[in-house]
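In what follows, a single structure is set out as structure tokens and then discussed.
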Amino acid sequence: MDRNSESIARALAALRRAQSRRALSRLARERGRRGPVPDAVYELLDVVAAAGRPPTVTEVAAALGTDQPRASRLTAQALDAGLVHRRADQMDGRRSLLEPTAEGRRALAEIQGFRARVVAEVTAGWDPADRAALAELLARFTEDFTALVR
């Protein structure tokens, strides 16, 4: 393993801690933003919206790295808050598929906007070429890493 790989791995670990749900939630609260449901429900919403097709609760659980009962509780909270809705799977009537509602899409856009503003604040003093390079390389790294761990 080379030094660059070690440096990247350390930076990713630090970033994961800094980007944790708790850290971002604290920052949002400090800036006067607080959602009506626990932050984990927004993570579920993010998974549902990012899926290529409406996922099941079991698929959401796998994407979140949690167990099915916890994903079911989060789904119930998201349903109660009007962020997602269920519909029957036309291929298998025993399964329910989750889709974001208009309110869920609005909430997700707000969260993504907050995250983008945080990134813009952190990189505000950077040279535009450095910001562009980070955007390109981080997207490439994420795609390759995701492909490896799937």
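The values are calculated or read from the model by the stated rules, or taken from the named source; none is laboratory data. A quick note: this is a predicted structure, and the numbers were derived from the prediction, not measured. No Cβ is skipped: glycine too gets one built from the backbone with ideal geometry, and neighbour counts run over all protein chains shown. Just so you know, the surface numbers come from the protein's heavy atoms only, side chains and all, with ligands and any DNA or RNA stripped out. Shrake-Rupley method; radii C 1.70, N 1.55, O 1.52, S 1.80 Å.
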Is one or more of the residues making up region 76-85 part of a strand (DSSP E or B) and open to solvent by 70 Å² or more (accessible area, probe 1.4 Å)? yes
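Applying the selection to region 122-150, what residues are of a type in the set (A, V, I, L, M, F, W, C), farther than 30 Å from residue 61 by Cβ and open to solvent by less than 90 Å² (accessible area, probe 1.4 Å)? Outline the logic, then answer.
Going through region 122-150, the residues of a type in the set (A, V, I, L, M, F, W, C) turn out to be 122, 124, 126, 129, 132-135, 137-139, 141, 145, 147-149.
Okay, now just the ones that are also farther than 30 Å from residue 61 by Cβ, so 122, 124, 126, 129, 132-135, 137.
Within region 122-150, 124, 129, 132, 133, 134, 135 meet the criteria.
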Under 8 Å between Cβ atoms, at least 6 apart or on separate chains: pull out the pairs that start in region 101-120 with a residue that is under 27 Å from residue 86 (Cβ atoms) and end on any residue that is assigned to a helix (DSSP H, G or I) and among the hydroxyl-bearing types (Ser, Thr, Tyr). 107/42; 108/42; 111/42
Could you please tell me which pairs satisfy a Cβ distance under 6 Å, a separation of 6+ or placement on different chains, a first residue in region 45-64 that is without any contact (Cβ under 8 Å) to a residue 12 or more places away in the chain, and a second residue that is outside any loop (DSSP other than H, G, I, E, B) and open to solvent by 50 Å² or more (accessible area, probe 1.4 Å)? 61/68
Checking residue 65 against (1) closer than 23 Å to residue 106 by Cβ; (2) of a type in the set (Gly, Ala, Ser); (3) at pLDDT below 90, which test does it fail? (1)
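To keep it simple, each residue is scored yes or no on (1) surrounded by 12 or more Cβ atoms within 10 Å (Cβ to Cβ); (2) of a type in the set (Val, Ile, Thr); (3) assigned to a helix (DSSP H, G or I).
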site: 98; (1), (2), (3): yes, no, no
site: 105; (1), (2), (3): yes, no, yes
site: 109; (1), (2), (3): no, no, yes
site: 115; (1), (2), (3): yes, no, yes
site: 120; (1), (2), (3): no, no, yes
